[in-house]
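J.: Encoded as structure tokens, here's the structure I'll be asking about.
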Amino acid sequence: MDLVKKVGLNIDWYLFLATIPLLGAGLVTMNSFVGESIFFERQIIWILIGFGVFFLASLVDWRFLRRTWVSVLLFLVSTGLLITLFVAGQVTKGAISWFDFGAFSLQPSDPIKIFLIIILAKYFSRRHVEIANFRHLLVSGFYALTIFLLVLLQPDFGSAIIIFMIWLGLVLVSGISKKHLFLVLLVGLLSMVLLWSFVFVPYQKDRILTFLNPLTDTSGAGYNALQSTIAVGSGQLTGKGIGYGTQSRLEFLPEYETDFVFAAFSEEWGFIGVIILFSLFGVLFWRILLSALHGATNFEILFGLGVSIFLISHFIIHIGMNIGLLPVTGTTVPFLSYGGSHIVTEFLALGILMGMRRYGKAYHKEDTKNEFLGVERMIGN
């Protein structure tokens, strides 16, 4: 009984309850076209596991993450897992992104995003006074770039973009100066030129070129984007109804349970359904940011902001590619898309945040008023 009470006090129930209809919408969408769907049954199992991870993580005192060298260990584990993929990973659709364990598969780039948030939060929280020093960009960039390149070489373009967004977002909120921001953007531009010349494989280049002019190859590289935009637009105001989305039902829309689940949802539920969906995500992001800003120290604050950057980046990129505003990168939308790795990872991130929230309630604003939030530093510069 005491354990139940302890769990209940830790949880932001508005945040947790906001995930339930999102999960439900995903289940209904992936089950409505194929009757007895293996995706539906497996997703329920992963959701239940995710719930368990969430509540267990909320009970842990996560202060050891900022007091010990666990972040270094996480970096080494992340690097090791990604390198091992090239030896023991499963090739799926041309990418070596999964470990196959028979009964289930694991995409290590999902939990590694949380590891990266912990690593960067620990690094920046210890150096907030001298954060304007350019060497901190280089050191933090080394952590992120190592993981970024190993993911990009799989190739997993979508996860690589999310990893870059996590690093860039945490650099910005940590208090980077404007001149350093300009330098980072310049380096990013040069990096894109190098990636285009030496890293991107032909199908990734085709996706980017198709994004710039999608009508040039609607039967080839632009097919997915075209079918996705048709599905979103055909939903109109109220949608076609559950199970009546022709783009998905007739299999014009590929990967409707993962990469294009938003398009499949929009076709069935229409503009009204999309507004409700966005509202639920708005509540979720708001509660995450609220928990983050009540963190006990800079580490907890930065971790919470990192989680929000992680989830918001997934959301924006997925929606953008489903409505034809961004290239198709194979990015899931949090809690809605099918997949165990990302569902469990997302609940782990929220569970850690809830665990931090438990001891964050006791902090005094006066004790931390001289600690940074980089947004203020950026405004002042």
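We did not get these values from a lab; they are worked out from the coordinates using the rules stated. What you see is a predicted model; the values in this text were computed from it and never measured. Heads up, the Cβs are rebuilt from the backbone with ideal geometry, glycines too, and the neighbour counts pull from every protein chain shown.
J.: Per-residue counts of other Cβ atoms within 10 Å, averaged by peptide: what ranking do you get for 347-358, 186-197, highest first?
T.: Numbers: 347-358: 24.1, 186-197: 11.4.
Going by the mean number of other Cβ atoms within 10 Å, highest first, we get 347-358, 186-197.
J.: Moving to a separate point now. Please check which bits of segment 303-333 a label hung off Val60 would reach, taking the label as a point 7 Å along Cα-to-C-beta and the cut-off as backbone N under 20 Å.
T.: 303-311
J.: Once you have the Cα-Cα distance between Ile44 and Val201, take 0.36 nm times their residue separation minus that, and quote the gain in nm to one decimal. Please list the in-between numbers first.
T.: Numbers: separation 157, 0.36 × 157 = 56.52 nm, distance 3.54 nm.
This chain segment gains 53.0 nm when fully extended.
J.: In segment 65-99, which trypsin sites (Lys or Arg not before Pro) fall in coil by DSSP and have 15 or fewer other Cβ atoms within 10 Å? Provide the component values of the computation, followed by the final result.
T.: Details: sites: Arg66, Arg67, Lys93; in loops: Lys93.
For trypsin sites (Lys or Arg not before Pro) across segment 65-99 that sit outside H, G, I, E and B with at most 15 neighbouring Cβ atoms in 10 Å, the list reads Lys93.
J.: Once the piece of chain linking Tyr359 and Arg67 is laid out straight, how much longer is it, given 0.36 nm per residue of separation minus the C-alpha distance between them? Display every interim value, and only then the final one.
T.: Working: separation 292, 0.36 × 292 = 105.12 nm, distance 1.48 nm.
Length gained between Tyr359 and Arg67: 103.6 nm.
J.: Give the peptides 110-117, 143-150 in descending order of average Cβ contacts within 10 Å, highest first.
T.: Top to bottom by mean Cβ count within 10 Å: 110-117, 143-150.
J.: While we're on this one: Going by how many other Cβ atoms sit within 10 Å of their own, how do Ile161, Ile44 line up, fewest first? Present the calculation step by step, with values, prior to reporting the outcome.
T.: Details: Ile161 20, Ile44 13.
Least crowded to most crowded, the residues run Ile44, Ile161.
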